[in-house]
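Report on the following structure.
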Amino acid sequence: VELVVHQLNDNSLVFTGISTLLNQSSISKTKGMNELAALILTEPQFSLENIGLTFYPKTGPVWPLMRVALRLKNNRNRHQVSGQLHFLQEKMSTLNFKADLEGRPSAFSLNNLKGLIYLQGHHILLDQWMNAWKPTVQISSINTNFEIWARWQSDHWDQFQGFIDNL
């Protein structure tokens, strides 16, 4: 499966390549991400392996090609998700993630979810992300590893802790 995501000017996301899961022509584009998440969070188990992902931000260059693996287990209002995101470039970067969330998903809002989230990055090339975020800042050959622990509380980050190592 090859998944393509376009970010619109209002920061909403439009997905193509998953028409068997979601018919976006039937919903407002601004509700697409919430409806996709609500659909996935109602399945008892959900697994994606070796999914190609291309992301077109509203401004700046297209992100490097990515490969996604995702595993999700739902038990009523508890949602456990884990996976990996690989950035396929000269030196492969990897982002591992885990989340243990509670709450009832809705196609209209994800604000009623809360729980713990863990992110771990290996060999993330900071150059491309800094250039996309702040093009006036020039950096070269910065490789970072990190671990982040966070708590999501309805619609905001409640706690955030991390270790970052730059080379």
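Just so you know, all these numbers are worked out from the coordinates, no wet-lab data involved. Keep in mind the model is a prediction, meaning the values are calculated, not measured. All Cβ positions, even for glycine, are placed from backbone atoms using ideal geometry, and neighbour counts span all protein chains on display.
The largest-to-smallest principal axis extents of the Cα set in segment 72-167 are 46, 25, 25 Å.
The listed peptides 72-79, 55-62, ordered by packing as a protection proxy, come out as 72-79, 55-62 (highest mean of other Cβ atoms within 10 Å first). Residues in segment 88-98 carry Karplus couplings, in order, of 8, 8, 3, 10, 5, 9, 10, 10, 9, 9, 9 Hz; the curve used is 6.51 cos²θ - 1.76 cosθ + 1.60 with θ = phi - 60°, and Gly or Pro positions show x.
Among the GluC sites (Glu not before Pro) in segment 66-167, those located in a DSSP loop and surrounded by at most 12 other Cβ atoms within 10 Å of their own Cβ are Glu90. Full extension of the chain between Arg78 and Met92 yields a length gain of 1.8 nm, computed as 0.36 nm times the residue separation minus the alpha carbon distance.
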